[in-house]
Amino acid sequence: MKDLIQIFIADDNGLLREGLVSMMEEQEDIVVIGQAPSGREALEDIKSVRPEVALIDIGMPDKDGIELTRILRQDAPEVKVIILGMIDLTDEIMQCIEAGAAGYVLKETSFDHLVKVIRSVHRGEAFCSPQMAASLFTRIAELANERMPKIPPGSVKLTARELEVITLISEGLSNKQIAQRLFIETQTVKNHVHNILDKLQLQNRLEAVQYARERNLLKKEK
Amino acid sequence: MKRSNEKIKVILASRPKMLSDVIRNMVEHQQDMEVIGEVLDPIELLIAAKEIPVDVVIITPLKADGKPRICFKLLEEHPFLKILILSAEGKTAVLYQSNIPAIHIEKPSVQAIFQTIRKSIQ
């Protein structure tokens, strides 16, 4: 039992589940230690029997495969989950990866392929089909794009007054002190700060100072 | 009527592939049955049924609502053929035969499915 890969199969298709159990048991290195027809039962049983690898159908009633994977990552992180999906959808694959699945296998692939994925995931490898790899690259590109500055450098022009305000903020002055220094109302300073943050799409004064400092926009003291 | 030593010949027209592999394995575990072919679409199935002597066709349509149209065509051309329609989600199984009312298999387990097939062939 020690050298066998202990697996659990959760699928509401009784025939497929029974068939997979029977075929898995014909493999020399795999043993099925549990099976369940629903997400809820699978969750309870997996937490109790702690298989090394769990095959989970994505579309089970009462708790789908993605939700189940997310819970298992918290409650039984050592269990490696392989999701069995019907359709090759980028969003679905991404949700599975984000939920913590170690692999995603389409039911349109063969049983032999599934066995290879189980062995690979059991060795600690994350299984990645060409489709999954493409989805991952797309998502990484999207995330990288989201992290890029939304405002291209040089495309935003701050007024001379706004640059004065940022410079004084960088010296640690409050709005009231800036107002006194520039002989304007405190509310006017607040408006300038608001406009600066709005133009630069930044969250706070510190970010504005950092932005100006990185671009040598701060006015030098005379 | 089949001779007692003759195996029941089965053609699989099932999708997805994983389910097809499972059904093939189940059939191969029955001593009196054998898979003689596997087809991917209805056209291939019609051709195969014409060319190969077959007793049973197991079809898993993606949408199992009512009798698939291909059943009418197959039974018209091969009146001794038995057609088992399994829903892809595995919840329903119906055996269609020519001039005999369809047999609905309650809770289609492996055992129930193959017993129904055997009875229909006898």
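Rule-based calculations on the coordinates, nothing more; no lab input. Keep in mind that this is a model prediction, so the values were computed, not measured. In this analysis, Cβ positions are derived from the backbone assuming ideal geometry, glycine residues included, and neighbour counts consider all displayed protein chains.
Computed from phi, the 3J(HN,Hα) profile of the stretch A:60-77 under the Karplus parametrisation 6.51, -1.76, 1.60 (θ = phi - 60°) reads 7, x, 6, 7, 6, x, 5, 4, 4, 4, 4, 5, 5, 4, 7, 8, 9, x Hz, with x in place of Gly and Pro. Magnitude of the charge dipole for the stretch A:160-214, about its Cα centre and with charges confined to Cβ atoms of Lys, Arg (+1) and Asp, Glu (-1), is about 120 debye.
If you bin the C-alpha pair distances of chain A every 5 Å from 0, what whole percents do you get? For chain A, the pair-distance distribution reads 1, 6, 13, 14, 11, 7, 4, 4, 5, 6, 7, 7, 6, 4, 3, 1, 0, 0. Per-residue packing, averaged as other Cβ atoms within 10 Å, sorts the ranges B:40-48, B:67-75 into the order B:67-75, B:40-48, beginning with the highest. Counting only DSSP H runs of at least 4 residues, each contributing -39500 (n - 2.57), and dividing by the residue count of the protein assembly as shown, the helix-based mean residue ellipticity at 222 nm comes to -14000 deg cm²/dmol. Using only side-chain charges placed at the Cβ, +1 for Lys and Arg and -1 for Asp and Glu, the dipole size of the protein assembly as shown relative to its Cα centre rounds to 1400 debye. Of the GluC sites (Glu not before Pro) found in the stretch A:1-90, those in coil by DSSP whose Cβ has at most 16 other Cβ atoms within 10 Å are A:E25, A:E26, A:E28, A:E78.
Taking 0.36 nm per residue of separation and subtracting the Cα-Cα distance, full extension of the segment from A:L197 to A:L4 would add 63.5 nm.
Length gained on full extension, A:V31 to A:S48: 4.5 nm, using 0.36 nm per residue less the C-alpha separation. The lysines whose alpha-carbon is closer than 30 Å to the alpha-carbon of B:K67, local same-chain residues fewer than 8 away aside, are A:K107, B:K2, B:K7, B:K9, B:K17, B:K50, B:K82, B:K91, B:K107, B:K119. Averaged over the residues of A:7-18, the number of partner chain Cβ atoms lying within 10 Å of the residue Cβ comes to 5.
Peptide A:78-86 has a mean of 1 when you count, residue by residue, the C-beta atoms of other protein chains within 10 Å of its C-beta. Each residue of the stretch B:105-112 was assigned a 3J(HN,Hα) from its phi angle through the Karplus expression (A = 6.51, B = -1.76, C = 1.60, θ = phi - 60°), giving 8, 6, 6, x, 8, 4, 4, 4 Hz with x at Gly and Pro.
For peptide B:11-18, the mean count of partner chain Cβ atoms within 10 Å of a residue's Cβ comes to 4. Based on alpha carbons, the Rg and Dmax found for chain B are 13.0, 36 Å.
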